[in-house]
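The values are calculated or read from the model by the stated rules, or taken from the named source; none is laboratory data. Here the structure is a predicted model, which means the values were calculated and not measured. When we count neighbours, we look across all protein chains shown, and the Cβ atoms used for this are built from the backbone with ideal geometry, even at glycine.
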Amino acid sequence: MRNRVRTAIFPVAGLGTRFLPATKATPKELLPVIDTPLIQFAIDEARDAGIERMIFVSHPSKAAIERYVRDDTGLREHLCAKGKSKLADSLRDSALNADTHDIVFVMQDQPLGLGHAVLCARDHLLPGPVAVILPDDLILGERGCLSEMIAAYDPARAGHLIATMDVEPHETSSYGVLSVRARCGAMAFADGIVEKPAPEVAPSRTAVVGRYILDPAIFARLAEQPAGAGGEIQLTDAIAHGVASIGLAGFGFSGTRFDCGSKAGMLRATLHRARQDPQFDAVFAEYDLPAMLIAAE
Ligand code: G1P
């Protein structure tokens, strides 16, 4: 029970400048992959993993996220009255319901970094390790990435468990990178982690993807963490600080990851989902897009 992961933090305060002008009025987490907003995938992944409390670290300009996340009974009643009860049911199923989950919104007013965003959730945690999900990193597969990680999580071996994937050498400067000392199945045990290293100094090609299970000791560290790369309080630095005492492992998940913080990643995710739905076959034929070209990043 002590080691159950009951809380998930969703850092959603970023202003999404890469997707301007779309993100001028629409939070990037509400941009859809076909018909499903990025935040919905993240919520579903947390829900499937048995998370009880979801903490959204948002920004005052992004009120639409809260409107999206919470159940809207008025809208559902309206749809039912119009004979659209199937649509109403699907809205009920995708929304978070306060009867079954704790839903918490906290504001991160200033863009002080991912570490700072996670720290903003500190007063609202349930006991035990805490999950962090970055909705920009969409992971599609048979099984949710967070569910896989929770099944593999063993704090006696590593108190921090982070989803990882191997990247090309020139890509290390876009990711947190682990210093791996031993591999065992899907686990990569590490004795260090560094944020966005240049290829010449990267300790490996094992890069961090946006799913974390963190030992709760991280919060005391984050409160003292000085600014790092880009002048921001980096989650990676706080994890690095506790590596010797808490332990750190990377986890090679089975799904496919899409970098939906980039336009190319968003397009890839859209094509990937569309390819699985026969209603779009004609579109693929029209554009002469064979399935093999639609690879993940
Ligand atoms: C963040 C983390 C980085 C991680 C990445 C995964 O960076 O700081 O360690 O590899 O997410 O998407 P960002 O992409 O927000 O700059």
Restricting the first residue to the stretch 174-198 and requiring it to be on the phi > 0 side of the Ramachandran plot, which pairs with a second residue that is among the small types (Gly, Ala, Ser) and within 10 Å of the ligand (Cβ to nearest atom) meet a Cβ separation below 8 Å and a spacing of at least six or different chains? 196/174; 196/176; 196/229
List the residue pairs whose Cβ atoms are under 6 Å apart, where the first residue sits in the stretch 221-236 and is within 19 Å of residue 197 (Cα to Cα), the second is near the ligand (Cβ under 8 Å from one of its atoms) and of a type in the set (S, T, N, Q), and the two are 6 or more positions apart or on different chains. 228/234
Residue 216 part of a loop (DSSP other than H, G, I, E, B) and more than 13 Å from the ligand (Cβ to nearest atom): yes
Test: residue in the stretch 11-18 that is over 14 Å from the mean Cα position of the chain (by Cα), surrounded by 19 or more Cβ atoms within 10 Å (Cβ to Cβ), part of a loop (DSSP other than H, G, I, E, B) and not hydroxyl-bearing (Ser, Thr, Tyr): yes
Quick check, is residue 29 among the acidic types (Asp, Glu) and free of Cβ contacts under 8 Å to residues at least 40 places away in the same chain? no
Subset of the stretch 238-271 [farther than 15 Å from residue 210 by Cα, charged (D, E, K, R) and either part of a strand (DSSP E or B) or in contact with a helix residue (DSSP H, G or I) (Cβ under 9 Å, 6 or more places away or on another chain) (or both)]: 263
Yes or no: the stretch 169-187 includes at least one residue that is part of a loop (DSSP other than H, G, I, E, B) and out of contact with any Gly (no Cβ under 9 Å at 6 or more places or on another chain). yes
Single unsatisfied condition, residue 193 versus (1) of a type in the set (A, V, I, L, M, F, W, C); (2) away from the ligand (no atom under 13 Å from the Cβ); (3) modelled with pLDDT of 95 or more: (2)
Looking only at the stretch 148-164, decide whether some residue is crowded, with 16+ Cβ neighbours inside 10 Å, away from the ligand (no atom under 15 Å from the Cβ) and more than 19 Å from residue 243 (Cα to Cα). yes
Reported set for the stretch 132-153 where residues are among the charged types (D, E, K, R) and either assigned to a loop (DSSP other than H, G, I, E, B) or in contact with a helix residue (DSSP H, G or I) (Cβ under 6 Å, 6 or more places away or on another chain) (or both) is 136, 142, 143
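Answer yes or no as to whether residue 208 is in contact with a Leu (Cβ under 9 Å, 6 or more places away or on another chain) and either basic (Lys, Arg) or within 15 Å of the ligand (Cβ to nearest atom) (or both). Before you say what the answer is, go through the steps one by one.
On the way: in contact with a Leu (Cβ under 9 Å, 6 or more places away or on another chain): yes; either basic (Lys, Arg) or within 15 Å of the ligand (Cβ to nearest atom) (or both): yes.
In short, yes.
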